[in-house]
Amino acid sequence: MRGGGFWRYLLVRFLLIIPTIFILVTLVFFLMRLTGDPITASLGDRLTPDQLAQRIHDAGYDRPILVQYLEYLGNVFTGNFGSSITDGRPISEILFTYGSATLELVIYSLIVAFIVGIPLGMVAAYFRDRWGDAGLRVFAILSYATPVFFAGLVLKLIFSVWLKVLPVAGRASTRTEIKIQGLDSQTGIYFIDALRTGSSAAVADVLAHAVLPALTLGLLTAGVFLRLVRTNVIGTLSRDYVDAARSRGVGEYRLVRKHALKPALVPIITVIGLQIALLLGGAVLTETTFEWKGLGFQLADYLAKRDFVAVQGIVALLAVIVAVTNFIVDIVAAILDPRVRY
Amino acid sequence: MSDTTSVPTVQVRPPWWHRLPIIQQLRQSVGLQRGMLVAGLVITGIFVVVAIFAPLLAPYGFNQLRGPDGLFGAQQPPSADHLLGTTVGGYDVLSRVIWGAQTALLVILVAIVLSVFLGIALGLLSGYIGGWFDRITIVIADAIYAFPSLLLAIVAAIVISGGQSSLWGGIFAAAVSITVVFIPQYLRVVRAEVLRVKSEAFVESAKVVGASNARIMFRHVLRNSTRTLPLILTLNSSEAILTLAGLGFLGFGIEPSAAAEWGYDLNKSLSDVTSGIWWTSIFPGLAIVLVVLGVTLIGESLNDLADPRLRARRKPAETPGQAVAAEQPAAREELGEVL
């Protein structure tokens, strides 16, 4: 069955992300331009009308919107998102510099979410409708009900201000930052950079800074994983083959892990793909809470400055990331489950 | 059986209010699930009461800076005059938490009304007309659905108000931003139901009898396709609060002089936390958590009750509505699964 059909499926799914990206980029472009040109928005109260008109003309914002749109599409296609208005930095440079910080945060949070969410989901499913289950579900609902920035504030208050065991904000202390800047080339992933400096103090410092942001964003996602694993494992636990395995004398632990979790994994993976959108939204808020200088922190900063060219660039990039992740997830799901087909 | 001659068979049917959405589920639930549903209803009820009677309950106005003894002062710790202390801007925390409930409720109501209307209308059209219109709507809806909702809400908020605004301007900006995010979900659900119902015999027969398209759509299709909506409604109310708070936290909230908004207050308390001032952030934060918790508990229970796999074992799915709902769990993460 696999052979040609699979490759066709892969191609179709790949072609499907193009309209998705196209629609998102178009939508963001026109929505942002509904409010007027970006120059007036960010500098309108600081420049004289003449200067303003000059800047608008220089940037080409006085041309017909369709011309601008086509030019924008062409630029996006070649990876050129223009330069931010307030500080004149190329958007692609901003994306590259701060994207790695966001990636690092997202990876840490996913690790937390997997370690916490999946085992607890299995436990909740096993103790279904009993107290263990009730407690875990309250935890899951709480993790959903708590805005990620409030969770961050509370963790900060407890661990950084009251107990003084973890740093308040930032990605590293100044000393470590200087050490990392001293490297010939930086990956932007501080953990890797700190390892390359060869200083264990730097690594410890970077990790200490990552604990609270990772927990904040990770626990939010863990709640979702927990609920998902619980629902799906409950579904598979009631199947006949689980009863059959139990009657053959398979241990309860093995029963849940091997017989119930595995078939439940496919829907879980599919949904994790959708969670990437939630995760990125949460990252924006987490970064703002902890001054974690990633895309989300920059986005909030540019939003405050009304620099809509930069905002548009960051939003477009995030849209592309979401679309690509969904594509990868679809493919992984198809490989795992022969029934998901074409 | 002997008195059936004169008495109509009404006795057999439960009273009409037993079939109301929430009441029906309340009667159907048992044990823990009933506890969750009741807890959710109680918390949500308190929230609504506080929101409606905010002017009577709050000791001060949401933008009041001075009392009879002069200015309140900034960052005052909780005391007899200010039970929950004052903020960095010199407002009374308790009052702003109470008034914040009103803002939140208004945003939820406007957002839900807008998205239900637009979502249902689009879903009906898309499902009933089909063809190219359907395909284009679905592709756009999918693209929007995959997008981080907070970012979409930010873009929408920029479009509507350019960021800051007055009470109603801010409420509409937040509500419309949230609506943009929700429409795809309503559209999906309604469309799926329309497609299901459309092929049923009674729609066919209505066509044969010669009913107009509009009549078929509203009379026969819509009334039969709104069963799963209460589930999504509760889930979206909680998302509306979180999105509003997120927008406020990023500085897209409503000005403090125009209304009280929890997310905005949390943003202002960011620097307080570092210096150990806890009362400015904990209380508005807890308010958000409680309200979302209440609404989510209701949503979770409704979802569980509609899903035979999850319902506490008592009786099988009774109505076709529940059977359908079972195939379409409406919890946010599972919506994706069925798409």
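Read the figures in this text as sums done on the coordinates, not as results from a lab. Keep in mind the model is a prediction, meaning the values are calculated, not measured. Positions of Cβ are backbone-derived with ideal geometry, glycine not excepted, and every protein chain shown enters the neighbour counts.
Count Lys and Arg as plus one, Asp and Glu as minus one, and take only other residues whose Cβ is under 14 Å from that of B:ASP81; the net charge is then -1. Among A:LYS179, A:LYS258, A:LYS164, a tally of other beta-carbon atoms within 10 Å of each Cβ gives an order, fewest to most, of A:LYS164, A:LYS258, A:LYS179.
Amide H contacts for B:TYR60 (H built 1.01 Å from N in the peptide plane; partners 5 or more residues away or on another chain; cut-off under 5 Å): B:SER95.
Rounded to whole Å, the principal axis extents of the Cα atoms in the range A:69-152 read 60, 25, 23, largest first. Computed over the range B:63-112, the alpha-carbon pair-distance distribution with 5 angstrom bins reads 5, 22, 25, 19, 10, 9, 7, 3, 0, each value a whole percent. Over all other residues within a Cβ to Cβ distance under 10 Å of A:MET122, the charged ones net out to +2, with Lys and Arg as +1 and Asp and Glu as -1.
How far, in degrees from 0 to 90, does helix A:65-77 lean away from the longest principal axis of the Cα atoms of chain A, to the nearest 10? Roughly 50 degrees between the two axes.
A cut-off of 5 Å between modelled amide H atoms, ignoring neighbours fewer than 5 places along the same chain, links A:SER83 with A:ILE91. Springs between Cα atoms under 10 Å define the GNM used for chain A, and in it the highest mean-square fluctuation of A:ARG171, A:ARG239, A:ARG13 occurs at A:ARG239. Counting Cβ atoms of other protein chains within 10 Å of each Cβ in A:150-160 and taking the mean gives 5.
Computed from the Cα positions only, the extents of the protein assembly as shown along the three principal axes stand at 89, 74, 63 Å, in decreasing order.
Considering only the Cα atoms of chain A, their convex hull presents on average a projected area of 23.2 nm². As a proxy for reagent exposure, B:ILE46, A:ILE94, B:ILE241 were ordered by neighbouring Cβ count within 10 angstrom, fewest first; the result is B:ILE46, A:ILE94, B:ILE241.
Cβ-Cβ distance of A:LEU70 and B:VAL88, R₀ of 41 Å, FRET efficiency by 1/(1 + (r/R0)^6): the value works out to about 0.30. With Cα atoms as the point set, the range B:229-289 shows a radius of gyration and Dmax of 13.1, 46 Å. When the helix-only estimate is applied to the protein assembly as shown (DSSP H runs of n ≥ 4, each -39,500 (n - 2.57), divided by the residue count), what is the mean residue ellipticity at 222 nm, nearest 500 deg cm²/dmol? -23000 deg cm²/dmol, from helical runs alone. Across all C-alpha atoms in the range B:38-137, the radius of gyration and Dmax reach 21.4, 69 Å. Among B:SER79, B:SER177, a tally of other beta-carbon atoms within 10 Å of each Cβ gives an order, fewest to most, of B:SER79, B:SER177. Placing +1 on the Cβ of every Lys and Arg and -1 on the Cβ of every Asp and Glu, with no other charges, gives the protein assembly as shown a dipole of roughly 2360 debye about its Cα centre.
Phi angles of the range A:103-120 translate, via the Karplus equation with coefficients 6.51, -1.76, 1.60 and θ = phi - 60°, into HN-Hα couplings of 4, 4, 4, 5, 5, 4, 5, 5, 4, 4, 5, 5, 5, 7, x, 5, x, 5 Hz per residue; Gly and Pro are given as x. Of all the C-alpha pairs in the range A:30-172, what % are more than 23 Å from each other? When all Cα pairs of the range A:30-172 are counted, 63 percent exceed 23 Å.
Among the residues of B:283-296, the average count of other protein chain beta-carbon atoms within 10 Å of the residue beta-carbon is 3. A simple rule links phi to the HN-Hα coupling: the Karplus curve 6.51 cos²θ - 1.76 cosθ + 1.60 with θ = phi - 60°, which for the range B:267-276 gives 4, 5, 8, 3, 6, 4, 4, 4, 9, x Hz, with x for Gly and Pro.
Taking amide hydrogens as placed 1.01 Å from N in the peptide plane, the amide H of B:THR86 sits under 5 Å from those of B:GLN75, B:GLN76, B:VAL93, each at least 5 positions away in sequence or on another chain. At an R0 of 22 angstrom, the distance between the Cβ atoms of B:ASP81 and A:ILE158 translates into a FRET efficiency of 0.20. Close Lys pairs in chain A, defined as Cα atoms under 20 Å apart and 8 or more places apart or on different chains, number 4. Note on the range A:2-76: Kirkwood hydrodynamic radius from all Cα pairs is 15.1 Å, rounded to one decimal. Near B:LEU125: Cβ cut-off under 13 Å, other residues only, Lys/Arg at +1 and Asp/Glu at -1. The net charge is +2. For the options A:TYR253, A:TYR108, A:TYR190, a Gaussian network treatment of chain A with springs between C-alpha atoms closer than 10 Å singles out A:TYR253 as fluctuating the most. Using a Förster distance of 30 angstrom, determine the FRET efficiency expected from the C-beta separation of A:ALA204 and A:ASP87, and round it to 0.05. Here the calculated transfer efficiency is 0.35. Considering only A:LEU11, A:HIS57, A:TYR72, and ranking their Cα positions along the charge dipole of the range A:2-76 that arises from unit charges at the beta-carbon of Lys, Arg, Asp and Glu, the one farthest toward the positive end is A:LEU11. Both numbers refer to the Cα atoms of the range A:198-282; Rg and Dmax are 18.4, 56 Å. Can you pull the one-decimal nm distance between simple spin-label points at B:SER205 and A:LYS262, each 7 Å off the Cα toward Cβ? Each label point lies 7 Å from its Cα, and together they span 5.1 nm.
Backbone geometry of the range B:179-194 corresponds, through the Karplus equation with coefficients 6.51, -1.76 and 1.60 at θ = phi - 60°, to 3J(HN,Hα) couplings of 4, 4, 6, 7, 3, x, 5, 5, 4, 4, 5, 4, 4, 4, 5, 4 Hz, x marking Gly and Pro.
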